[in-house]
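Undergrad: Shown below is the structure under consideration.
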Amino acid sequence: MSHLSRRSFLKTSAAAAAAFSAARLHARARHLPLGLQLYSVRNLLPNDFDGTLHQVRAAGYTVVEAAGYFGRTAPEFRHSMDQAGLRCVSTHHALNILETQLDQWLDYAHTLGLDYLICSSSGGMHRDPNSKGEPTLDDWRWIAGEFNRIGEKVKSAGMTFGVHNHTPEFAVIDGTLVYDLLLQRTDPKYVVFEMDCGWVYASGHNPVDYLSKDPKRFPLIHVKAIEHEPDGKVHMPVLGKANPDYGPILRAATGLKYYFVEQEQFDMDPIEELKLDADYMRSLNA
């Protein structure tokens, strides 16, 4: 093969590989339903629960993840979802709630028809309730054991238990990264992870690294944009206006079942910004 023809072949092969990778991303984005974490509309739901859900559906979202039930019984909550044309597939509860009220919320989850029950937050808990300060490595080891215990019970109830992260899970204690410890000490049969990609990025890590290493542990992700302001605070604009880039993340997340857009701050009308977020996710398969 001549030098010129070899160069042309390599260019053609690289272009074909890039096109194939893009096609896989587009197919994945098209296959997955557009999801929203309802924490995004937490300030709207108390004033107009059903109307807000209808606005969420009109913005293009079809599946949601709950973050509180706003005083509604499980049948009432399920009815509102059905009327809005939404399917609630997952919910969030803090670890201290799961420690003491798991049976109650499993019953609630059954009525909603949930697939996943997620621990929204575990940071700050201690094996000894009288302990103060940041959790130690021993505390995190205990938390991992509690995840296994809760996860086994959730699995027996016909659902999957998962762990959502913020930034405390990326603390380094005595040379150990807490998130790595949790991945190592939890049983994949009982515990999956819902990666909040925005908080992973804010912690100085790349979501792709974890998703590429063990994609089956991550059937769920949260999608949010993060930017650091000069004063050190975090701002969350609409998707596409800040990092991380969700193209590589979706390509790496080959075990993904659902993603949930979550916008915690708004610069203008929340529903209008959530429409822009939906447009961004659709653009990934344009």
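Undergrad: What is the sum of charges around TYR39, taking Lys and Arg as +1, Asp and Glu as -1, for the other residues whose C-beta is under 9 Å from the C-beta of TYR39? Walk me through the numbers on the way to the answer.
TA: Numbers: positive: ARG42; negative: GLU65, GLU262, GLU264.
Here the count lands on -2.
Undergrad: Can you give the longest stretch of the chain with no exposed loop site, where a site means trypsin sites (Lys or Arg not before Pro) in a DSSP loop (not H, G, I, E or B) with at most 12 other C-beta atoms within 10 Å?
TA: Values: sites that count: LYS132, LYS189, LYS233.
The segment 1-131 is the longest one with no such site.
Undergrad: Can you classify segment 94-149 as rounded, prolate or oblate using the Cα gyration tensor, where a ≥ b ≥ c are the square roots of its eigenvalues, rounded means a/c under 1.5, and otherwise it's prolate if a/b beats b/c and oblate if not? Don't jump to the answer; show the numbers that get you there.
TA: On the way: a/c = 2.88, a/b = 2.42, b/c = 1.19.
Cα axes put segment 94-149 in the prolate bin.
Undergrad: Ok, one more. Given springs between every Cα pair under 10 Å in a Gaussian network model of the chain, which of ASN47, ASN165, ASN148 has the largest fluctuation?
TA: Among ASN47, ASN165, ASN148, the largest mean-square fluctuation in the Gaussian network model of the chain belongs to ASN47.
Undergrad: I've got another one for you. Shape verdict for segment 142-286, please, from the Cα gyration tensor: rounded (a/c under 1.5), prolate (a/b greater than b/c) or oblate.
TA: On the way: a/c = 1.95, a/b = 1.48, b/c = 1.32.
Judged from the Cα gyration tensor, segment 142-286 comes out prolate (a/c at least 1.5, a/b above b/c).
Undergrad: By how many nm would the segment from ALA171 to ASP138 lengthen if fully extended, with 0.36 nm per residue of separation less the alpha-carbon distance? Please list the in-between numbers first.
TA: Working: separation 33, 0.36 × 33 = 11.88 nm, distance 1.37 nm.
Value of the extension gain: 10.5 nm.
Undergrad: I need the shape label for the chain. Rule: rounded when a/c is under 1.5, else prolate if a/b > b/c, else oblate, with a, b, c from the alpha carbon gyration tensor. Please report the intermediate quantities before stating the final value.
TA: On the way: a/c = 1.71, a/b = 1.26, b/c = 1.35.
The shape class here is oblate.
Undergrad: Tell me, in nm to one decimal, what length is gained between ARG42 and LYS155 on full extension, where the rule is 0.36 nm per residue of separation less the Cα-Cα distance?
TA: Details: separation 113, 0.36 × 113 = 40.68 nm, distance 2.86 nm.
Between ARG42 and LYS155, full extension yields 37.8 nm more.
Undergrad: Still on this structure, please answer the following. If neighbour count is taken as other Cβ atoms inside 10 Å, put THR91, THR160, THR100 in order from fewest to most. Mind showing how you got there, number by number?
TA: Working: THR91 24, THR160 20, THR100 9.
Sorted ascending by nearby Cβ count, the order is THR100, THR160, THR91.
Undergrad: If the reach is capped at under 28 angstrom between alpha carbons, list the lysines near LYS216, excluding any in the same chain fewer than eight residues apart.
TA: LYS153, LYS155, LYS189, LYS224, LYS257
Undergrad: Right, here's the next one. Would you please give the residues with an amide H less than 5 Å from that of GLY162, counting only those at least 5 places away or on a separate chain, with H modeled from the backbone geometry?
TA: Sorted by chain and number, the residues that satisfy this are LEU117, ILE118, CYS119, VAL192.
Throughout, read-outs are computed from the coordinates displayed, never taken from laboratory work. None of these values were measured; they are calculated from a predicted model. With ideal geometry, Cβ positions are generated from the backbone for all residues, glycine too; neighbour counts draw on all protein chains shown.
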